[in-house]
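The values are calculated or read from the model by the stated rules, or taken from the named source; none is laboratory data. Nothing here was measured: the structure is a model prediction, and the numbers come from that model. A quick note on method: Cβ atoms are made from the backbone with ideal geometry, for glycine too, and the neighbour counts reach across all protein chains shown. Note: accessible area is taken over every heavy atom of the protein model, side chains too, but ligands, DNA and RNA are not part of it. Shrake-Rupley method; radii C 1.70, N 1.55, O 1.52, S 1.80 Å.
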Amino acid sequence: MSKQTETAGPILEIDNLSISFFTRVREIPAVMDFSVQVQPGEAVGLVGESGCGKSTVALGVMRDLGANGRIVGGTVRFKGRDMATLDPEELRDVRGNEIAMIYQEPMASLNPAMRVGQQLTEVPMIHEGISQADARTRALEVIRDVKLPDPERILNAYPHQLSGGQQQRIVIAMALMSKPSLLILDEPTTALDVTVEAAVVNLVKDLGRKYGTAMLFISHNLGLVLETCDRICVMYSGEAVETGSIHDVFDQMHHPYTQALFRSIPLPGADKNARPLVAIPGNFPLPHERPPGCNFGPRCDYFQPGLCDRDAPVPMEPVEGFERHQTRCLRNTEIDWSAPLHPPVQTEKPAQGPVVLKMEKVKKYYEVAANVLFGKARETKLVKANESLSFEAHEGETLAIVGESGCGKSTFAKLLMGLETVTDGSIQLDGRNIEHTPIEARNTQDVADIQMVFQNPFDTLNPSMTVGRQILRALEVFGHGTSDDERMDEMLRLLDLVKLPREFATRMPRQLSGGQKQRVGIARAFAGGARIVVADEPVSALDVSVQAAVTDLLMDIQRKHKTTLLFISHDLSIVRYLSDRVMVMYLGHVVELGTTDQVFAPPYHPYTEALLSAVPIADTHVEKKHIVLEGDVPSALNPPSGCPFQTRCHWKSKVSGGLCESQVPPSRHLAEGHEIKCHLSDEQLANMDAVIKTAAE
Amino acid sequence: MGRFILRRMGVMVLTALCLTLIVFFMTNLAPNLEKLAKTQGNFRMSDEEVTTYLADHGYAQPMLVKYGQWLGFLPGYVIEGTDGLTRAKCQGGAEPVETTPTFCGVLQGDWGTSTVIKKDVGVVIADKLALTGKLMFWVLVLMVPSALLIGILAGMREGSRTDRALSTVSITTSATPEYVSGVLLIAVFASSAVGLKWFKGTATSAMDTATFENFFLPVLTISLYGVGYIARMTRASMAEVMTSQYIRTARLKGVSFPNIVVKHALRNALIAPFTVIMLQFPWLLNGVVIVETLFNYKGFGWAMVLAASNNDIELLLGISVVSVIVVLVTQAISDIGYVYLNPRISVT
Amino acid sequence: MTDPLGWGAILGQITLLFTPTLIALVVTFVVSILYKRKLGLYGKLFDSTIGMIGLGLVLFWVYTALFAGVFDLIATHGALDQSVSMKKKPPGTPYSKLIGTPPPGAGPYYLLGGDNLGRDVFSRMIAGSIKVILIAPFATIFAFMVGVTLGLPAGYYGGKFDTVLSFIANLVMAFPVILLFYLLVTPEIIHTGLPVYMAGILFIFPIVFLSVLWQSRYRTQPAKRNLYLAVTLIFGGWLYLGIAWDADPLGLVRFPPNLLVVFVAVVFVNAPTVFRIVRGLVLDIKTRDYVAAAQTRGEGPWYIMLWEILPNARGPLLVDFCLRVGYTTILLGTLGFFGLGLESESADWGKMIIDGRKLLSANILHIAIPPALALLSLVLGLNFLADGLREESLKD
């Protein structure tokens, strides 16, 4: 196609773009003085935390800002044409034809009432006026390109009949139908599981190369951007703070925010005791509460009063000695960018304590109705949510439980908390069996001992009760103190513990940021002096800079109280950073269990291997083996026969006799404390390569 | 699917049984029977006369026995009265008691006799349903298209001037009870005080031959309420669909606005109103009662008021059964229709 | 004999009579707008035109009922006073009385004319508002108590309990409302005492509701709990005996049996719908993490239902409450329309409409139109108010 080649200059040129949203009360500037260029065939990453304006830039390019948004300054040039001069007709012609967009939630961005085929063929039919039959041929071709099996069937399917990964591939296919010259991807993989994400990212990279499409890749994940992009633009609070080539920015950053961002994400080598993360102090400013001068000033380590808080915009300036590398820092030339920030506070690794929790061969099966509306009433299916779970947890230890959605993590948490009782097996707390004691029957001490921190900060606090009341209630229930005054003191002490100001006691949850809510959740969990805390993805919904602070806090409290932390996560970087031992789960089975070092080094279980390879790492020195898993996680309603992982396993062909399909592998003891459920021979396991290699600096 | 319908039928029969039992209980309370005796006999009956009247006509039997007889589950009574006449429940007109069948209840297809209209309940209900059906048909013809149109136009561009105007209109009509709108409409369009004598203030003549002049006001009165309600639902649903991600996808694919509305939004936006329209039927029934009373149109609703105010037990029971069937059948249709309209729920 | 008033004079007089209401209305609006940022959702209502119109209409009738009912202002004649010479007289006719002496304080005109019995339409319209403002909100509150107390556990526990309750709710909703009224609200049924038994059941819900509320909240502090429970049971029990059974030992609280029937019927019709709404909301909210957090804390189910779930369902419930008060007003009118419930003499908008309707064909509009417009404006106000609330609560 000719669209990609007809112009010589940059495909997209954004100059000093400013976008504001207008509400009844005030104008809220969302993007200020933003400039970026995308050359043909180039992939530019736009990185920043939520609320920094990165998605607004994308919508500004598409000129789709809704009723309240307006471009208040600057220009957007697409192939040299100023987008502001296009009339609605011309604009429609550009949309979907020359610029296509891929969105965060594939399910939401496909029309549920239209067949996939119709949604795909519509694009070239509108823009190129080709016939239905031709459009269909093209659709089949593109579907093959996005590596979906059985294209004919897919074209006739409705979106809900496809899995999340397949839906995202359809959205990508839809974007490619008219072979656009620019592709805007807005967090395209955030809603997907890690292994599915890896496959989609790979696909996008390959297709970008194949079609020669330029890409604007919006993400909050530095690792993903490293894997996909040539250039990067870091945004903070509505402004671009640093742009440059991936290698320049990753290895020789010239903005304090970029630097702080990298210091707050767990990279290989970070360790909670020896090399802890450094959280960015303070909070992200709200759009109408931005400080004078440099937006990052109040949170910056290099802040200089009088210079950085002067009420004048900070200009974007080129970094000397680099090509197309710019930063928005007044002290750019003064700061020694290679110097380590502070000597990190090191802590001793505590000795292993006694066993407090022991699970043995725990099984949990559910019966669910097979069909909700039209099925036979008696027909039920057995869901095996947990299958012979066995492990021990020691006092003061962090045990990570790793797996993707549907692996049985939540069921495990419910069993432990007593919200459900086991089908078979035993759970021992301090040597006493509690597996058949539901939470109503547990005594106050047992309930207070095992507490939970939840994933979604927006859901973890009751929106209509003040923060103080919620903590007080926990204290009341756990029988703390005898008078209201005593509990009030304890509540304020708990706020101190989670490093929140005492005034927060009278605030409503909606007045708090995500990280602050999560801290309240932690305070509430520790109200009864919990000894075992189940943390269900406590930081995955938070922004990178806040993640580190909340993780830190958890570690800190754990060290002080010798708490046993059961850390549920799908993010292997953070697991590697903070856990002592790791348990990998897949479809209700524990496929691997061992110390962190054992699990993160070969021999791996094939699933662990794939997970490790899937996690994007924001470090240019790291080399990863690429293992792309086929397909999606099977449904727990309909698990595969034999080994649960056999449908996606790369190593399956190495096991003879179809053992993987017929038998669930036994748990094998590889080393002291290292167990694995796999049919591979000892020899094959011993010959596995490491997935992550750090290149010599 | 078959099982689904069977289960629904089961629920329907159970509901009808419970409901008729309640109606039976309420209408057979002593003061109500006394009222019945007096309206059937004469108003100056003494207490003893009332007792004998009730005993002679089988009303003095235990409640559950009477209910069983109505159902056709127990043999109908044969009572030799104090006046020497022998009366049987299953007696049809003047035929002798000896030849009457033993059972004559709902199970045998006999719905009893209306004490007010002096006809078979089955016949009365069939007549009245036909009349009300005619009314309902025109109501639907007027109401559904206009409601959907208003809702779609309003929801298409949320917050626009059209939206505000149409929304206010639909709130207003859905907040106006039929007896208020009916009175206002009659005052404006049918009385000489305002001067617009366009329509007739009564619809009695529409029972035989419905014309625009004598039928439009009752139809409009019932429709107005429904129009507002359905339009509000449609607007909400349309507005929600228009802000959804897939509409943005379509917009950014370069689909033109009319095409977005027609091809992408409409089907999704109509799922919710469909359910609402179906569930609107029981409501319409209510409006029908008021409007038929107001316009003197002797249909189902009018019969209900007549039966209820005269404690016409068997007619009331028949009417209750019909209402239950209407309510539950529309519910079932709305459930099934929802599934077919909404591709997200798979039918197996 | 004075001359009849023209329309301008009639409107002027009516406005003058409404002065107290209008003053109260203006004061309320000025104060609310001044402090609207501090008044939460109520304050936000003043950002929405439709919400303000709604609130204005509702408050208009509330204040009118208040001034007319408590201070005996606004109305110019007794609602039941008849005058043969005033039968069907047009608006603005000067007041005269053929037989007997006019009651003291009677106004000089029938501002909106006389009805078919020679009563003042304007005064009856005002008297009607007192009745509506007294019954509709309270009946709705009771319907909510019943619906909430049953809907919470039905949604939270599900299972058999839910199936049975939902079946009963559907059963009541399958009844044509008017048939239900005809069965419940007739003098014959009142004779049987059935409505009193129903009242006995329905009115116990608020006491149960409050008791459970305190028990679940203060179970860890028995002293506080016992205090609250005692107060609730003593006061609630006293009111309950008086209202439902007319058996107040002190003889202070009683409820006219006529009104009680209407009350019960309206609660009975509304409660199943509230039940369904609450149940649906609970099904949604119970999946939230804060509910799980309460469960893992070992909270009892009623604490979770009443203190974790219910407060977070308040938005939709508040909107529904406004709509439902409007609907209850319509139902009260419907009762009057069919001549059920209240004694035939009393001023009741529905009753006035049906009385006036018969004269529409004789071109006498002034009897039916005023109550119709009054009812319409109140219901409309409640609907606008609900819409404003919904719109504002959805914002930020």
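Worth a mention:
- Odd one out for residue A:337 among (1) out of contact with any Phe, Trp or Tyr (no Cβ under 6 Å at 6 or more places or on another chain); (2) assigned to a helix (DSSP H, G or I): (2)
- Checked against (1) under 18 Å from residue A:547 (Cβ atoms); (2) surrounded by 19 or more Cβ atoms within 10 Å (Cβ to Cβ); (3) in contact with a Lys or Arg (Cβ under 6 Å, 6 or more places away or on another chain), residue A:259 meets all criteria but (3).
Residue-wise test of (1) aromatic (Phe, Trp, Tyr); (2) closer than 30 Å to residue C:287 by Cβ; (3) outside the structural domain of residue C:302 (by TED's automatic domain parsing).
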site: C:80; (1), (2), (3): no, no, yes
site: C:84; (1), (2), (3): no, no, yes
site: C:120; (1), (2), (3): no, no, yes
site: C:147; (1), (2), (3): no, yes, no
site: C:161; (1), (2), (3): yes, yes, no
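- Residue list for the range A:290-337, filter: touching a helix residue (DSSP H, G or I) at 6+ places or on another chain (Cβ under 6 Å) and among the aromatic types (Phe, Trp, Tyr): A:296, A:302, A:303, A:322
So that you can scan it fast, the table gives a plain yes or no per residue for (1) surrounded by fewer than 23 Cβ atoms within 10 Å (Cβ to Cβ); (2) within 14 Å of chain A (Cβ to nearest Cβ):
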{"position": "C:286", "(1), (2)": "yes, yes"}
{"position": "C:290", "(1), (2)": "no, yes"}
{"position": "C:293", "(1), (2)": "no, yes"}
{"position": "C:305", "(1), (2)": "no, yes"}
{"position": "C:323", "(1), (2)": "yes, no"}
{"position": "C:378", "(1), (2)": "no, no"}
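- The range B:196-212, residues that are open to solvent by less than 50 Å² (accessible area, probe 1.4 Å) and facing chain C (nearest Cβ under 10 Å): B:201
- Residues that are in contact with an Asp or Glu (Cβ under 7 Å, 6 or more places away or on another chain) and farther than 15 Å from residue C:367 by Cβ were ranked within the range C:78-117; the one that is surrounded by the fewest Cβ atoms within 10 Å (Cβ to Cβ) is C:103.
- Here residue C:370 clears all of (1) over 30 Å from residue C:152 (Cβ atoms); (2) assigned to a helix (DSSP H, G or I); (3) open to solvent by less than 10 Å² (accessible area, probe 1.4 Å) except the condition numbered (3).
- Residue list for the range A:132-161, restricted to those being open to solvent by 60 Å² or more (accessible area, probe 1.4 Å) and assigned to a loop (DSSP other than H, G, I, E, B): A:147, A:149, A:150, A:156
- In the range C:43-69, the residues that are open to solvent by 30 Å² or more (accessible area, probe 1.4 Å) never reach a residue that is of a type in the set (Ser, Thr, Tyr) and not in a helix (DSSP H, G or I) with C-beta atoms less than 7 angstrom apart, at least six apart or across chains.
- Test: residue in the range A:500-516 that is within 11 Å of another protein chain (Cβ to nearest Cβ), part of a helix (DSSP H, G or I), exposed (fewer than 14 other Cβ atoms within 10 Å of the Cβ) and touching a residue at least 40 places away in the same chain (Cβ under 8 Å): yes
- A single member of A:405, A:464 is at the interface with another protein chain (Cβ under 10 Å from one of its Cβ atoms), touching a residue at least 24 places away in the same chain (Cβ under 8 Å) and not in a helix (DSSP H, G or I), and it is A:464.
- Whichever residue in the range A:440-458 is at pLDDT 85 or above and buried (at least 20 other Cβ atoms within 10 Å of the Cβ) and, among such residues, is farthest from the other protein chains (Cβ to nearest Cβ): A:449
- Where residue B:308 falls short, out of the listed (1) in contact with a Leu (Cβ under 9 Å, 6 or more places away or on another chain); (2) surrounded by 20 or more Cβ atoms within 10 Å (Cβ to Cβ); (3) in contact (Cβ under 8 Å) with a residue 60 or more places away in the chain: (3)
- Elements of the type strands (runs of 3 or more DSSP E) sitting completely within the range A:1-108 and holding at least 1 residues that are more than 26 Å from residue A:206 (Cβ to Cβ) and either out of contact with any Phe, Trp or Tyr (no Cβ under 9 Å at 6 or more places or on another chain) or of a type outside the set (Asp, Glu) (or both): these cover A:12-22, A:27-38, A:69-78.
- The one condition from (1) out of contact with any helix residue (DSSP H, G or I) (no Cβ under 6 Å at 6 or more places or on another chain); (2) crowded, with 24+ Cβ neighbours inside 10 Å; (3) small (Gly, Ala, Ser) that residue A:173 does not meet is (1).
- Count of the range A:24-37 residues, restricted to those that are open to solvent by 60 Å² or more (accessible area, probe 1.4 Å) and within 31 Å of the chain's Cα centre (by Cα), is 1.
- Of the helices (runs of 4 or more DSSP H) that lie entirely inside the range C:125-242, those containing 1 or more residues that are touching a residue at least 12 places away in the same chain (Cβ under 8 Å) and of a type in the set (D, E, K, R) span C:159-174, C:204-217.
- Test: residue in the range B:313-326 that is more than 7 Å from every other protein chain (Cβ to nearest Cβ), closer than 22 Å to residue B:227 by Cα, surrounded by fewer than 20 Cβ atoms within 10 Å (Cβ to Cβ) and of a type outside the set (S, T, N, Q): yes
- Residue A:105 falls short on exactly one of the conditions (1) among the charged types (D, E, K, R); (2) surrounded by 16 or more Cβ atoms within 10 Å (Cβ to Cβ); (3) modelled with pLDDT of 85 or more, and that condition is (3).
- Test: residue in the range A:82-90 that is within 10 Å of chain B (Cβ to nearest Cβ) and out of contact with any Asp or Glu (no Cβ under 9 Å at 6 or more places or on another chain): yes
- Some residue of the range B:325-337 being within 20 Å of residue B:123 (Cβ to Cβ) and touching a residue at least 12 places away in the same chain (Cβ under 8 Å): yes
This table checks each residue for (1) touching a Pro at 6+ places or on another chain (Cβ under 8 Å); (2) in contact (Cβ under 8 Å) with a residue 60 or more places away in the chain; (3) open to solvent by 30 Å² or more (accessible area, probe 1.4 Å); (4) closer than 30 Å to residue A:694 by Cα.
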| residue | (1), (2), (3), (4) |
| --- | --- |
| A:252 | no, yes, yes, yes |
| A:284 | no, yes, yes, no |
| A:287 | yes, yes, yes, no |
| A:295 | yes, no, no, no |
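- Beta carbons closer than 7 Å, at least 6 apart along the sequence or on distinct chains, pair a first residue in the range A:587-609 that is of a type in the set (Ser, Thr, Tyr) with a second that is assigned to a loop (DSSP other than H, G, I, E, B) for A:595/A:580; A:595/A:673; A:596/A:579; A:596/A:580; A:604/A:688; A:607/A:645.
- Candidates B:23, B:50: the one that is out of contact with any Pro (no Cβ under 8 Å at 6 or more places or on another chain), within 14 Å of another protein chain (Cβ to nearest Cβ), surrounded by 14 or more Cβ atoms within 10 Å (Cβ to Cβ) and more than 18 Å from residue C:180 (Cα to Cα) is B:50.
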